[in-house]
Each structure stands twice: as structure tokens, then as C-alpha cells.
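> Pasting a structure below so you can have a look.
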Amino acid sequence: MKIFTYVAIAIALGLIIFNLIQIDYSNPFEGQSTVALIGVVAGICAVLLLVLLRYSKIIVDKTK
């Protein structure tokens, strides 16, 4: 599970970087930039959820 979370975090960070490159900063809320912004927000949510999962597993292991 530890390796899975690290790999998933790396993939999510890669997708965040990719979507940041796709944003047209002169018109960030038009066309494909909107899709890229949604991808960035989704990637950030994924990273936060995976970090929470990792910390919850650490807490469960310490309480056993």
C-alpha cells in the first residue's frame, strides 16, 4: 500500500504539472483552459486524499 500511494501521488503531481502547462493564462476560464483548471483542482484533491490515506495507515500501524 505504501508503494501504491507514492506512485499515485507521483502520477497526480505529473498530471498537475501537465495541466498547468495547458492553461492559457491570458484567458484561463475559456476553452481548454477550463478543462486544465479542473484537472489541476482534481489532481490537488487526489494528492490530498492520498496523503490522508498514507497518514491514516501510519496511525493504524502505530496503534496496533
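Just so you know, all these numbers are worked out from the coordinates, no wet-lab data involved. Fair warning: this is a prediction, and the values are worked out from it, not measured in the lab. Cβ sites come from the backbone with ideal geometry, for glycine too, and all protein chains shown count toward neighbours.
> Test of understanding: among 38, 21, 44, which residue is surrounded by 12 or more Cβ atoms within 10 Å (Cβ to Cβ), without any contact (Cβ under 8 Å) to a residue 60 or more places away in the chain and in contact with a helix residue (DSSP H, G or I) (Cβ under 9 Å, 6 or more places away or on another chain)?
44
> Taking segment 1-35 only, how many residues are of a type in the set (S, T, N, Q) and either part of a loop (DSSP other than H, G, I, E, B) or closer than 25 Å to residue 61 by Cα (or both)?
The qualifying residues number 3.
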